[in-house]
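The values are calculated or read from the model by the stated rules, or taken from the named source; none is laboratory data. The structure displayed is predicted, hence computed values, not measured ones. Heads up, the Cβs are rebuilt from the backbone with ideal geometry, glycines too, and the neighbour counts pull from every protein chain shown. In case anyone asks, the SASA skips ligands and DNA or RNA and just uses the protein heavy atoms, side chains included. Shrake-Rupley method; radii C 1.70, N 1.55, O 1.52, S 1.80 Å.
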Amino acid sequence: MAEPAPAARGILALFPFLVVGSLPVSVMREMRARGHDVTVARYLPVAQGYTMDPLDDFAAEGRLIDLSEAIGPDGPDRLEALVEERDIGLILQIGSPWAYSHLARLKERRPALRLVDTLYNNGPHFHAFAHYGACYDGVLVESREMVSRLEGGPHGAWVRQVESGVDIARFVPAGRALQPPGPELVLGYVGRMSPEKNPLGFVTLAEALHAARPGLSFVMFGEGAMAGEVKARIAASPARDAIAFRGFADHPTTALAAIDVLVVPSVLDGRPAAIMEANACGVPVIAAPVGGIPELIEDGRNGFLCPPRDAARCAALVAALQEDPGRFAALRETARQVAEARFDRRRMMDAYEAAYLEALAAPARPLPCLA
């Protein structure tokens, strides 16, 4: 009797586009470094306002696929060819809007294929998953808040939380975090210039704080589709002399070394890496209580929760740090301690690897797909 063919072990990760420094790109690089058979595919070569990662390391191995011609109705055919050519057993959907319908059709053709989605927040991809979830074996999320939204849902897929982390050996106190705290603090925004991150909310808050505490200054780092709008808003602001727009930073550590407090004014978010990176650099955080952010903040140890529209409370928090340098210095130290105890990316990478291997080892879920 012939031996059964070995199960497919290849992993195909589908991206809309590849952004320098993004978490999922870092995860794929780590999986390759650990010896896993990973291929990355992207649908768009560029995205407005973002710096692209050419993924030269994957391209050199023939592991970077261009799907820009596969956005239309031929998409499922292209994906099926990749599955056949590369012995793919698991497809990771990582934010590609076109992939939802394509993967549904592919699953109908190849029911033994495992599909796993990755959802960072309850934005548009969350709603796409709600429609196509019956096709998926599982979904990976970062926060308990997302687990509560998805677990036990009608999609029937398993839900696993993988807490994200940062490289605490690379993110270390530098620049202003090593200087004695003084009254002239610099508050910073470090992140995408996109609606969910609310960069305009940071500008509005900066105006209110500057009026209340004239010794404060503000700096914004990041890129994205809203960059032009944000720069125009600053140029027209009564606090424009106190707000600097620096744009893309070569590495987040460069931005974090230039600020004393990170402000995260998001209106929609998951488990933002900026908070963990800031804490690892000894920078406390004032953040909006949305999504998974409350799970990251230990009030008074690594930062504070405060809606950006509550300018009075934000001003009071900043004033307390300005007026008590000893308290601010202690907050810097405990922020780093929290990062060391909770945000080490090695645990995150181990958890992603375990989830992918378990998905490959388990039989695909035999449920009907939605067309």
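Select from region 125-143 the residues that are under 18 Å from the mean Cα position of the chain (by Cα) and part of a strand (DSSP E or B) and write down the one among them that is nearest to residue 269 (Cα to Cα).
The qualifying residue nearest to residue 269 (Cα to Cα) is 141.
Return a yes/no flag: does region 183-195 have any residue that is open to solvent by 70 Å² or more (accessible area, probe 1.4 Å), in contact with a strand residue (DSSP E or B) (Cβ under 9 Å, 6 or more places away or on another chain) and either assigned to a helix (DSSP H, G or I) or closer than 30 Å to residue 324 by Cα (or both).
yes
Might you let me know whether region 144-159 holds any residue that is assigned to a strand (DSSP E or B) and open to solvent by 20 Å² or more (accessible area, probe 1.4 Å)?
Initial filter on region 144-159 (assigned to a strand (DSSP E or B)): 158-159.
Now drop any that are not open to solvent by 20 Å² or more (accessible area, probe 1.4 Å), which leaves 158-159.
Looking through region 144-159, at least one residue is assigned to a strand (DSSP E or B) and open to solvent by 20 Å² or more (accessible area, probe 1.4 Å).
Give 95, 89, 49, 35 a once-over and let me know the one that is small (Gly, Ala, Ser), touching a residue at least 12 places away in the same chain (Cβ under 8 Å) and over 21 Å from residue 139 (Cα atoms).
It is 49.
So, of the residues in region 235-248 that are touching a strand residue (DSSP E or B) at 6+ places or on another chain (Cβ under 6 Å) and either in a loop (DSSP other than H, G, I, E, B) or over 20 Å from residue 314 (Cα atoms) (or both), which turns out to be least open to solvent (accessible area, probe 1.4 Å)?
Checking each candidate, the answer is 245.
So which residues in region 289-314 are outside any loop (DSSP other than H, G, I, E, B) and either of a type outside the set (Val, Ile, Thr) or on the phi > 0 side of the Ramachandran plot (or both)? Show your work before the answer.
So in region 289-314, the residues outside any loop (DSSP other than H, G, I, E, B) come out as 293-295, 299, 303-305, 311-314.
Across region 289-314, the qualifying residues are 294, 295, 299, 303, 304, 305, 311, 312, 313, 314.
Take the residues in region 249-260 that are under 21 Å from residue 53 (Cβ atoms) and surrounded by 16 or more Cβ atoms within 10 Å (Cβ to Cβ); name whichever of them is nearest to the chain's Cα centre (by Cα). Write out each step before concluding.
Going residue by residue through region 249-260, those that are under 21 Å from residue 53 (Cβ atoms) are 249-256.
When the remaining residues are screened for being surrounded by 16 or more Cβ atoms within 10 Å (Cβ to Cβ), the result is 249, 252-253, 255-256.
Numbers: 249: 17, 252: 13, 253: 16, 255: 17, 256: 17 Å.
My answer is 252.
With 333, 323 as the choices, which residue is out of contact with any helix residue (DSSP H, G or I) (no Cβ under 7 Å at 6 or more places or on another chain), surrounded by fewer than 17 Cβ atoms within 10 Å (Cβ to Cβ) and touching a residue at least 60 places away in the same chain (Cβ under 8 Å)?
Working: 333 fails: touching a residue at least 60 places away in the same chain (Cβ under 8 Å).
After applying the criteria, what remains is 323.
Counting just the residues of region 278-301 that are in contact with a strand residue (DSSP E or B) (Cβ under 8 Å, 6 or more places away or on another chain) and open to solvent by 30 Å² or more (accessible area, probe 1.4 Å), which one comes out farthest from residue 200 (Cα to Cα)? Break it down into steps so the answer makes sense when it comes.
Of all residues in region 278-301, those in contact with a strand residue (DSSP E or B) (Cβ under 8 Å, 6 or more places away or on another chain) come to 278-280, 283-289, 293-294, 296-297, 299.
Filter again for open to solvent by 30 Å² or more (accessible area, probe 1.4 Å), leaving 289, 294, 299.
Values: 289: 17, 294: 22, 299: 25 Å.
Ranking the candidates gives 299 first.
Go over the candidates 74, 37, 56 one by one and state the one that is open to solvent by 40 Å² or more (accessible area, probe 1.4 Å), charged (D, E, K, R), more than 17 Å from the chain's Cα centre (by Cα) and under 17 Å from residue 360 (Cα atoms).
Checking each option against the conditions leaves just 37.
Collect the residues in region 199-227 that are in a loop (DSSP other than H, G, I, E, B) and either under 17 Å from residue 252 (Cα atoms) or out of contact with any helix residue (DSSP H, G or I) (no Cβ under 9 Å at 6 or more places or on another chain) (or both), keeping them in residue-number order.
Restricting attention to region 199-227, the residues satisfying the condition of being in a loop (DSSP other than H, G, I, E, B) are 213-216, 222-226.
Listed by number, the residues that qualify are 222, 223, 224.
Name the residues in region 40-50 that are open to solvent by less than 50 Å² (accessible area, probe 1.4 Å) and over 16 Å from residue 13 (Cβ atoms), would you?
47, 49
Does region 111-119 contain any residue that is assigned to a loop (DSSP other than H, G, I, E, B), within 30 Å of residue 272 (Cβ to Cβ), among the basic types (Lys, Arg) and open to solvent by less than 50 Å² (accessible area, probe 1.4 Å)? Lay out the reasoning, then the answer.
Filtering region 111-119 for residues assigned to a loop (DSSP other than H, G, I, E, B) gives 111-113.
Next, only the ones that are within 30 Å of residue 272 (Cβ to Cβ) stay: none.
Within region 111-119, none of the residues are assigned to a loop (DSSP other than H, G, I, E, B), within 30 Å of residue 272 (Cβ to Cβ), among the basic types (Lys, Arg) and open to solvent by less than 50 Å² (accessible area, probe 1.4 Å).
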